[in-house]
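See structure below.
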Amino acid sequence: MASREKSMAEKILIVEDEAALVTLLRYNLEREGFEVSEAGDGEEALLRAEETKPDLIVLDWMLPVMSGIEVCRRLRRKPDSRAVPIIMLTARGEEADKVRGLQGGADDYVTKPFSPVELIARIRALLRRARPDRQVETLIFADLSMDLTAHRVRRDGRAIHLGPTEFRLLHYLLRNPRRVFSREQLLDAVWGHDVYVEARTVDVHIRRLRKALNGDGDADLIRTVRAAGYALDQSSAA
Ligand code: CA
């Protein structure tokens, strides 16, 4: 579980040519659990952004080769980075510059000198705003992931093929991990109120889902609770 959470850390790209500030930001962001990459000038920033697909970019205004404003405009023109949240850093505190920065496509603006605590608060606020859609698109439990946009399920990287009912069943369980549902609750949620299906049908589809999910040596992710129902859980394989 720990390694899974680590690989899901949100990625921040720092674009800044002052090495001391980069070191300070990297230290503080990593301590907060972010994965940090860096670029020292505008061109490198565009390359890194393409390579690392950051969840957010901290972008200095005054950069060698290409200004932060120009980097921002270019990022906004690329489909991959069109929507990535950008916080501009600048020594200029003037209102006109702030307006230019925001018009150039930045989402927020922090004036130097600033405290890392303040910047991290802004980063968290922007990520919260950007996150809702992202969370809805992929559901994850242990080594299992469901991509709702592509309608794909993977376990530990391996593609899992599910029938439509098993897909809906797993989708429902993934939305409520560890919660135990009775057969009746699952019938209502997955098959709908108006359809008459026997409770035993749930057992049949749970069995199919289990078979599809669990490969050789995999832990069983579905827990059977005697006389109660089923839950998506990390029960012991034994
Ligand atoms: Ca600078």
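The values are calculated or read from the model by the stated rules, or taken from the named source; none is laboratory data. All values derive from a computational prediction rather than experimental measurement. As a convention, Cβ positions derive from the backbone with ideal geometry for all residues, glycine included, and neighbour counts pool all protein chains shown.
Here are the numbers:
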{"quantity": "Subset tally (residues that are surrounded by 16 or more Cβ atoms within 10 Å (Cβ to Cβ) and more than 12 Å from the ligand (Cβ to nearest atom)) for the stretch 53-65", "calculated": "4"}
{"quantity": "2 or more residues of a type in the set (Gly, Ala, Ser): qualifying helices (runs of 4 or more DSSP H) within the stretch 24-109", "calculated": "42-52, 95-103"}
{"quantity": "Evaluation of Gln135 against (1) under 17 Å from Leu174 (Cβ atoms); (2) part of a helix (DSSP H, G or I); (3) at pLDDT 85 or above (one fails), failing number", "calculated": "(3)"}
{"quantity": "Neighbours by Cβ (under 6 Å, 6+ apart or cross-chain): first from the stretch 17-32, without any contact (Cβ under 8 Å) to a residue 12 or more places away in the chain; second away from the ligand (no atom under 14 Å from the Cβ) and outside any helix (DSSP H, G or I)", "calculated": "Glu30/Val36"}
{"quantity": "Filter result for Asp97 (at pLDDT 95 or above, of a type in the set (D, E, K, R) and more than 26 Å from the chain's Cα centre (by Cα))", "calculated": "no"}
{"quantity": "Test set (1) outside any loop (DSSP other than H, G, I, E, B); (2) loosely packed, with under 15 Cβ neighbours inside 10 Å; (3) not basic (Lys, Arg) - His171 fails condition number", "calculated": "(2)"}
{"quantity": "Residue match in the stretch 69-89 (condition: surrounded by 14 or more Cβ atoms within 10 Å (Cβ to Cβ), closer than 16 Å to Pro113 by Cα, without any contact (Cβ under 8 Å) to a residue 40 or more places away in the chain and in contact with a helix residue (DSSP H, G or I) (Cβ under 8 Å, 6 or more places away or on another chain))", "calculated": "yes"}
{"quantity": "Some residue of the stretch 192-204 being closer than 22 Å to Ala150 by Cα, surrounded by 15 or more Cβ atoms within 10 Å (Cβ to Cβ) and either touching a residue at least 12 places away in the same chain (Cβ under 8 Å) or in the same structural domain as Thr149 (by TED's automatic domain parsing) (or both)", "calculated": "no"}
{"quantity": "Subset of the stretch 9-51 (residues that are among the aliphatic types (A, V, I, L, M) and within 16 Å of the ligand (Cβ to nearest atom))", "calculated": "Leu13, Ile14, Val15, Ala19, Ala20, Leu21, Val22, Leu24, Leu25, Ala39, Ala45"}
{"quantity": "Residue ID - farthest from Thr23 (Cα to Cα), chosen from residues in the stretch 111-132 that are β-branched (Val, Ile, Thr) and surrounded by fewer than 18 Cβ atoms within 10 Å (Cβ to Cβ)", "calculated": "Thr111"}
{"quantity": "Filter result for Thr224 (polar (S, T, N, Q) and part of a strand (DSSP E or B))", "calculated": "yes"}
